[in-house]
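Some notes on the structure that comes next.
The values are calculated or read from the model by the stated rules, or taken from the named source; none is laboratory data. Quick caveat, the model's predicted, so the values are computed rather than measured. Note that each Cβ is placed from the backbone with ideal geometry, even for glycine, and that neighbours are counted across all protein chains shown. Surface accessibility is based on the protein's heavy atoms, side chains included, excluding ligands, DNA and RNA. Shrake-Rupley method; radii C 1.70, N 1.55, O 1.52, S 1.80 Å.
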Amino acid sequence: MKWDNSKKTVLITGSSRGIGRAIAESFAEPQYNVILNCVNNVDKMNEVLEKIKKTCPNSAGFQFDVSDINAVNSAVDEINNKFGGVDILINNAGISFRGLFQDMPESDWKRLFDVNVFGMFNLTKAVLPHMISQQKGVIINISSMWGQSGASCEAVYSASKGAVDSFTKALAKELGPCGIRTNAVSCGCIETEMNGFLSAEEKNNLTEEIPLMRFGSPKEIGELVRFLASDKASYINGQIIRADGGYL
C-alpha cells in the first residue's frame, strides 16, 4: 500500500545529525512526507525519525551512500513507489578534510568529491524525472562560504563546495523553464560536530572575525532552508544564499 502521496515529499540527505537533522526537523509538519538519509549513523537517524513522527507521521529513513549511484537509484525508486516522487530535494550530505594539501592522500581527494559533488549529482539526476513530469520542484544544495573564499588547510573541501555553487547556478538556468527552482545555502561557521576539531583558541579567533560575534546554529540553517523551499520564495532561483553572520 502506498503512503499518502498527496503531500509534498522532501528528501534530506545526511540528516542524522547537525545541519541535516535541523533541516529535517524544520519540515516536521503534517503537510510533508519527510525522508531521512544516512550512511552510518542509523541509530541517530532513527532518533530523529522518532521525534519527527510525533508531528509528521509520514516519515521514513533510508540508509544508503549518496556516492553510490546504484544505491541512490534503488532508494529513490522505493521513495517514488511509496510517495509518488520527491518534490523537494535537500543535498546536505557532505564530508570534510583538514590538513595541508600536500599531505592529503589522493584517495581522500576522490572520496571527498564522490560525496560532496557526485553525491549531489546522483540524487539530483534520480529525482528529476518526477519534478520535470509535474513541472515543479525545489532543489537546495548545502554549500559553504569556503566555496567562495577558500580555506587554508581545506583546499579540496573548498574546491568541492565551489563546484556545488557553480552546479547550482547552472542548473537553475537549465531547470527554470520546467518550474524547478535550484538554490544553495552557503554556510559559515555553524555549531556542528564537523567543526569539533577546532580548538578553543581557533574558535575564538574565528568568532572575532564574524560581525555577529558568534557561530550560527543548525536550527537557523534549517529555518532558512525551509523558507527557500516554500512558496514564499517562489521567485528565488539560482542564488547562493550566504548564512555566515557577515563573515564574507
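For the range 138-177, a residue qualifies if it is more than 14 Å from I95 (Cβ to Cβ) and in a loop (DSSP other than H, G, I, E, B), and the qualifying residues are M145, G150, A151, S152, C153.
What is the number of the single condition among (1) open to solvent by 30 Å² or more (accessible area, probe 1.4 Å); (2) under 18 Å from L100 (Cβ atoms) that S160 does not meet? Every listed condition holds for S160 apart from (1). Remark: T182 matches the filter, which requires a residue to be within 26 Å of S234 (Cα to Cα), part of a strand (DSSP E or B) and either touching a Pro at 6+ places or on another chain (Cβ under 8 Å) or of a type outside the set (D, E) (or both).
Against the numbered list (1) under 17 Å from the mean Cα position of the chain (by Cα); (2) surrounded by fewer than 19 Cβ atoms within 10 Å (Cβ to Cβ), I132 comes up short only at (1). Restricting attention to the range 210-248 and to residues that are among the acidic types (D, E) and in contact with a strand residue (DSSP E or B) (Cβ under 9 Å, 6 or more places away or on another chain), the residue that is farthest from G14 (Cα to Cα) turns out to be D244.
So that you can scan it fast, the table gives a plain yes or no per residue for (1) hydrophobic (A, V, I, L, M, F, W, C); (2) in contact with a helix residue (DSSP H, G or I) (Cβ under 8 Å, 6 or more places away or on another chain):
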position: V42; (1), (2): yes, no
position: L49; (1), (2): yes, no
position: I52; (1), (2): yes, yes
position: N73; (1), (2): no, yes
position: N81; (1), (2): no, no
position: G85; (1), (2): no, yes
position: L100; (1), (2): yes, no
position: F113; (1), (2): yes, yes
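Can you find even one residue in the range 190-209 that is open to solvent by less than 20 Å² (accessible area, probe 1.4 Å), more than 16 Å from N91 (Cα to Cα) and under 16 Å from the mean Cα position of the chain (by Cα)?
Yes - at least one qualifying residue is present in the range 190-209.
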